[in-house]
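Worksheet for the structure shown next.
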Amino acid sequence: MEYQIPLFQLNFGEEEIQAVTETIRSKWISTGPKCEELEQLFVEMMQVKHAVSVSNCTDALHLACLTCGLQPGDEVLCPSLTFAASVNCVRYVGATPVFCDIVGPGHINIDPEDIKRKITAKTKAIVVVHMAGFPAMMDEIMTIAREYHLKVIEDACHGPLSEYKGKKLGTIGDVATFSFFSNKNISTGEGGMLITNSDEVAEKARLLRSHGMTTMSYQRAKGHATAYDIVELGYNFRMDDIRASIGCVQMRKLQEDLEKRIRVRNKYVNELAEVKGVVVPFADNKEFVSNYIMPIVLVDSTKEKRDRVRDAIHQAGIQTSNHYPAIHKFSIYKDYGALLPQTEYVADNEITLPMYAALTDEQIEFIVRIVDRAIHG
Ligand SMILES: *Cc1c(COP(=O)(O)O)cnc(C)c1O
């Protein structure tokens with residue numbers, strides 16, 4: 001069935017089509033000048049020293065773990081209320097994820113208190129996810145990281161241009177990752193970016209992104225290099241110039257798109273204030289944020305009730321989602337035996353409402369009316 005109001009709407013226009021056409025006409029379609037342009041846009045807009053384009057965020061997270069030197073025997077603290085890739089990456093390098101709880105329905109990011117409780121002699125890093133683009137408690141997390149000499153990987157997929165105390169998300173920890181999957185704030189179909197202020201991390205990420213090879217095809221094609229050596233066991237995690245050219249257009253639209261999302265978010269928060277039995281996570285956050293998604297959490301609810309409420313909303317032609325099913329409950333992670341009461345409650349009672357720049361006030365009023373009726377019958 002076609003939903004009358006989808007969860008997300010792609011912000012694509014003639015500009016993206018034009019950009020792809022130009023790249024194809026240029027006859028250079030793999031990693032080249034467009035990837036470089038996109039990286040440069042990230043460096044400028046995120047106010048960060050280095051940006052390395054990659055094929056997707058999962059690969060960026062894998063590179064983040066490699067460049068942080070994580071290896072078998074190391075423990076990495078991470079949330080369970082996130083997409084599986086934020087945790088799987090730890091296992092790609094043979095390290096062990098240790099799940100931490102979130103603060104609660106009002107703040108659905110990793111809890112610094114639980115981070116402290118779960119630190120052992122083997123702990124080497126923390127993966128932080130900024131849910132919906134709202135910052136995790138970075139001051140507390142960075143203080144812990146400094147005290148215990150832990151690396152901090154920010155999975156900032158939800159938060160391009162989001163801020164925490166004036167700093168862009170992704171520039172606070174050691175290394176950060178972004179996704180350009182089709183439903184993200186910046187869409188290229190598939191794609192991702194790794195950013196860092198560390199020269200060493202950036203250099204290693206560039207090397208490992210392309211087979212551990214000392215020169216790139218583009219440099220050789222342009223006569224800047226004639227040979228290469230393989231100096232590390234690398235991968236093919238490269239982005240191509242076709243996608244990068246879409247990414248450049250999307251980056252230039254981003255600020256305006258996010259400003260519109262802020263209007264949508266404010267309208268939602270005002271309307272939802274009238275609905276009993278609903279918590280809006282991060283309701284009092286006043287910083288500039290990306291509003292990647294619009295999560296709400298039902299109070300005094302159960303998974304069964306939440307699922308009935310979602311069904312009723314779908315019946316009215318409105319698409320919803322759930323961010324996220326708890327990772328520690330998935331088949332491949334359940335034997336880790338994690339107990340995370342706040343994560344479990346939110347995973348079972350969260351509903352993600354439609355969020356995109358083009359949502360009108362009338363549509364938001366309609367959605368909230370339907371949500372109210374679905375909860376209270
Ligand atoms: C989308 C997403 C990813 C994965 O990104 P891909 O580009 O699809 O690999 C990882 N972490 C979070 C939090 C995400 O939302």
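Quick one: would you say Asp139 is outside the structural domain of Tyr336 (by TED's automatic domain parsing), touching an Asp or Glu at 6+ places or on another chain (Cβ under 7 Å) and not aliphatic (A, V, I, L, M)? In short, no.
Can you find a residue in the range 224-239 that is of a type in the set (Ser, Thr, Tyr) and modelled with pLDDT of 95 or more? For the range 224-239, residues of a type in the set (Ser, Thr, Tyr) and modelled with pLDDT of 95 or more: present.
Conditions tested, residue by residue: (1) away from the ligand (no atom under 16 Å from the Cβ); (2) aromatic (Phe, Trp, Tyr); (3) touching a residue at least 40 places away in the same chain (Cβ under 8 Å).
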residue	(1), (2), (3)
Glu190	no, no, yes
Met193	no, no, yes
Ser198	yes, no, yes
Met213	yes, no, no
Tyr218	yes, yes, yes
Ala221	yes, no, yes
Glu232	yes, no, no
Arg238	no, no, yes
Val249	yes, no, yes
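Across the range 10-35, the qualifying residues are those that are touching an Asp or Glu at 6+ places or on another chain (Cβ under 9 Å) and of a type outside the set (A, V, I, L, M, F, W, C), and the one among them that is farthest from Pro354 (Cα to Cα) is Ser26. When residues of the range 97-115 are filtered for being crowded, with 16+ Cβ neighbours inside 10 Å and over 21 Å from the mean Cα position of the chain (by Cα), how many remain? Total satisfying the criteria: 1.
Has the range 24-41 got any residue that is modelled with pLDDT of 95 or more, crowded, with 19+ Cβ neighbours inside 10 Å, within 22 Å of the chain's Cα centre (by Cα) and over 22 Å from Gly234 (Cβ atoms)? Yes, the range 24-41 has at least one match.
Put simply, of Arg243, Arg238 the only residue that is in a loop (DSSP other than H, G, I, E, B) and farther than 20 Å from Leu169 by Cβ is Arg238. Within the range 308-324, does at least one residue satisfy the condition of being outside the structural domain of Val90 (by TED's automatic domain parsing), modelled with pLDDT of 95 or more and in contact with a Lys or Arg (Cβ under 6 Å, 6 or more places away or on another chain)? So far as the range 308-324 goes, yes, one or more of its residues are outside the structural domain of Val90 (by TED's automatic domain parsing), modelled with pLDDT of 95 or more and in contact with a Lys or Arg (Cβ under 6 Å, 6 or more places away or on another chain).
The values are calculated or read from the model by the stated rules, or taken from the named source; none is laboratory data. Everything numeric in this text was worked out from a predicted model, so none of it was measured. All Cβ positions, glycine included, derive from the backbone under ideal geometry; neighbour counts span all protein chains shown.
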